[in-house]
Amino acid sequence: MSSSFAILVVFMAVAPMGMLAPAVEGARTFFVFGDSLVDNGNNNFLATTARADSPPYGIDYPSHRPTGRFSNGFNVPDLIKTTLPYLSPELRGQKLLVGANFASAGIGILNDTGVQFVNIVRMHKQLKFFREYQRRVSALIGEQQTQVLVNKALVLVTIGGNDFVNNYFLTPITLRRLQYNLQDFSQLLVSEYKKVLQNLYDLGVRRVLVTGMGPLGCTPAEIAQRGINGQCAEEPQRASHIFNSLLVSMIEGLNRDIGSDVFVAVNARRMQNDFIDNPQAHGFITSKVACCGQGPYNGIGICSAASNLCRNRDLYAFWDPFHPSEKANRIIVRTIFNGSEEYMSPMNLSTIMELDSRT
Ligand SMILES: *[C@@H]1O[C@H](CO)[C@@H](O)[C@H](O)[C@H]1NC(C)=O
Ligand SMILES: *[C@@H]1O[C@H](CO)[C@@H](O)[C@H](O)[C@H]1NC(C)=O
Ligand SMILES: *[C@@H]1O[C@H](CO)[C@@H](O)[C@H](O)[C@H]1NC(C)=O
């Protein structure tokens, strides 16, 4: 590769960074909770196999190095506002006021989800870290200012996919499948999810984007393992449909009880369906084949240095067998900001920012 080409690549990768920063008001603190879809490096600090710290992960990140993000470049929270992983030693002093990312790849709503990954930060531990964070910030700016900071913060929560992929559907026969049908299992997940959201509210947060489940059966992994003739796999699709409808009613109920639109449902399935149903219209050549992976649809196993790797990541909706590419994440975030009520209920992030800037 010639050096002028290398410089051009670096320039193009860095340029969008400037466009990212103003997405959320600079002053607004941002907190992230959840799984690998939103983890920005916490698992790098843990003894776990659920990690994205080796090439080609990060190939399109400004540093072109793996960061722990399950993406070729940026993930969804990056495109809203840049924060550090909570476990990073760099997160201290004034940097704490920017926010923190507590997410950990492999976790689910249930504690028995992702047991194979051993040391991951499950949801109750993420909440414990959030309480610890508040104590650290209190020591910095006082308790009262800390409450204000948390009240005004924006929060993103993304969990649930692993409760199916790495629990209910993990093997042909699982304990959870013997215990529950899809409807009852989804009911269990959503009732536990509700406790997590109530906990966050009790800890002082007042604006929470709650992402529903994407079209689980349409990931290259599920198409490869369960899809018939390259179609989206039926049972995981049904799971995401049931889970999402229960989630939306749960959120509506919570907001009604609180008397305020604290929780905002992000219809991730609908957002992703747009480019899964019509990849070409969004500049993709395929939504079925992962950029990085092996076997049918590059959907088997994990993405590693030994995998097939596509040349142009922007042409693929999926980076690896489970995770969208940065390009797809950009489409998702654009819809989070500007989508209609079918995508963002009861309102989109632009409207939230507009409303909150007045108070
Ligand atoms: C997970 O484990 C923690 C700690 O043991 C417990 O407090 C929490 O209630 C459990 N959550 C679920 C959903 O079982
Ligand atoms: C949302 O729409 C507004 C107005 O059309 C535009 O200025 C802004 O860049 C959009 N935001 C995103 C993230 O696409
Ligand atoms: C979402 O955002 C756009 C652009 O900022 C705005 O025009 C639109 O009315 C919003 N839609 C809803 C349903 O809030």
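Only the coordinates and a few stated rules stand behind these numbers; no lab work does. Note that the coordinates shown come from a computational prediction; the quantities given were computed from them, not determined experimentally. All Cβ positions, glycine included, derive from the backbone under ideal geometry; neighbour counts span all protein chains shown.
Here are the numbers for the structure shown:
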quantity	calculated
Among 265, 324, 336 - extreme Cα towards positive end, dipole of segment 255-359, charges at beta-carbon	324
Electrostatic dipole magnitude of segment 80-179 [Cβ: Lys, Arg +1; Asp, Glu -1; Cα centre; debye, to 20]	140 debye
Unit charges on C-beta of K, R, D, E only; dipole of segment 194-303, Debye	140 debye
Radius of gyration and maximum dimension Dmax of the chain, Cα, Å	19.5, 61
Antiparallel content of DSSP bridges confined to the chain, in %, to 5	25 percent
Kyte-Doolittle mean at least 1.0, axial Cα span of 20 Å or more - DSSP H helices of the chain	3-20
Size of charge dipole - segment 240-349 - debye, nearest 20, with Cβ of Lys, Arg +1 and Asp, Glu -1, no other charges	400 debye
Counted charge near residue 150, where neighbours are those whose Cβ lies closer than 15 Å (Asp, Glu -1; Lys, Arg +1)	+3
Length-normalised contact order of the chain in % [C-alpha pairs under 8 Å, at least 6 apart]	15 percent
Top positive-direction residue, dipole computed over the chain with Cβ charges, set 307, 64, 193	64
Ranked list, fewest to most other Cβ atoms within 10 Å of each Cβ, for 228, 80, 242	228, 242, 80
Mean separation of Cα contacts under 8 Å (6+ apart) over length of segment 56-130, as relative contact order %	17 percent
FRET efficiency for residue 231 and residue 350, using Cβ-Cβ distance with R0 set to 35 Å, rounded to 0.05	0.50
GNM flexibility winner over the chain from 229, 348, 151 (Cα, springs under 10 Å)	229
Exposure proxy ranking, count of Cβ atoms within 10 Å, fewest first, for 196, 115, 157	115, 196, 157
124, 323 arranged by Cβ crowding within 10 Å, fewest neighbours leading	124, 323
Computed helical MRE - 222 nm, the chain, DSSP H runs ≥ 4 contributing -39500 (n - 2.57), nearest 500	-12500 deg cm²/dmol
Within segment 259-283: backbone nitrogen closer than 16 Å to the residue 340 label point (7 Å, Cα to C-beta)	267, 270-275
Residue 140 versus residue 199: modelled label distance in nm, points set 7 Å from Cα along the beta carbon direction	2.3 nm
Radius of gyration and maximum dimension Dmax of segment 265-359, Cα, Å	15.8, 53
Contact order relative to length of segment 187-237, as percent, for alpha carbon pairs under 8 angstrom and 6 or more apart	26 percent
